[in-house]
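Asker: Pasting in a structure now, in structure tokens, and then I'll have a few things to ask.
The values are calculated or read from the model by the stated rules, or taken from the named source; none is laboratory data. All of these numbers come straight from a predicted model, not from anything done at the bench. For neighbour counting, all protein chains shown are included, and Cβ atoms are generated from backbone atoms with ideal geometry for every residue, glycine included. Ligands, DNA and RNA are excluded from the accessible area calculation, which covers all protein heavy atoms including side chains. Shrake-Rupley method; radii C 1.70, N 1.55, O 1.52, S 1.80 Å.
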Amino acid sequence: MQKRSNFYFKYPPNIQELDLASMVNLFRTRGEPKKADPGKHFACAVTHHLLREGKHWFGLHYSQKTWDNLLTKGSEGFPMTEAELNVLGKLYMAQDEAPHREIIEKSSGVTEKLAYLIVNDLRSFGFILEDEGGFLTITPRGEKALHGIARRIYEKRFMPEMLNNFELREDPTIERAQKSDQEQRSLF
């Protein structure tokens, strides 16, 4: 399935190079307004206009208007990426039997550290539910968010082929980073 748009949030391709503390900090502070130091300015990552204050996303800055345009319908202000599409899509397809959290994290298309943060945020936003055994299910709000990001990228409601397209982009650096994640994983 071919992507129809490139106008959505993306995690940096080399995010696996970050240590755990830096990744958590950048993930938790994404979307917060950041003011430029006196006499300095930011540039919007999309419009390239100079800004005195912009929303922060992993080192990039966006004007409020651009940030609002990047948010997808049904996401309730949650910045959605292909990784969230993958997590929510796998849960949507597995409606008969709830998959375990570890399976979803490993198949998310990002490092397991980042996948852990994504699953926690999706749960806190009410897009997914986790039972005491660690099994995940998608909620109706999660389905709306899934269809919103699918429409943003593919201009169609979610279909399983969208996951296959995402999974084909395996990056060997992510595999190496996932192996090194096992040591730091115990910090959670």
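Asker: How high is the relative contact order of the chain? Use alpha-carbon pairs under 8 Å, at least six apart in sequence, and give a whole percent.
Answerer: Once divided by the residue count of the chain, the mean separation gives 24 percent.
Asker: In addition: Which cross-chain or sequence-distant (5 or more) residues have an amide H under 5 Å from the amide H of residue 61, H modelled 1.01 Å from N in plane?
Answerer: Long-range HN contacts for residue 61: 45.
Asker: Additional query: Give, as a single signed number, the net charge of other residues whose beta carbon lies under 14 Å from the beta carbon of residue 29, with Lys and Arg counted +1 and Asp and Glu -1. Working shown, then result.
Answerer: Details: positive: 28, 30, 34, 35, 55; negative: 32, 121.
Computed value for this residue: +3.
Asker: Here's a follow-up. Any chance you could look up the accessible area of residue 42 with a 1.4 Å probe, heavy atoms only, rounded to 10 Å²?
Answerer: Surface open to solvent at residue 42 totals about 40 Å².
Asker: Here's another thing I want to ask about it. What ranking do 65-77, 139-151 get when scored by the average of other Cβ atoms within 10 Å per residue, highest first?
Answerer: 139-151, 65-77
Asker: Same structure again: What order do 161, 132 take when sorted by accessible area (1.4 Å probe), most exposed first?
Answerer: Values: 161 85, 132 185 Å².
My answer, sorted largest first, is 132, 161.
Asker: Taking 29 Å as the cut-off for C-alpha to C-alpha distance, list the pairs among 40/113; 3/40; 55/144 that go past it.
Answerer: Violating the 29 Å limit, Cα to Cα: 40/113; 3/40.
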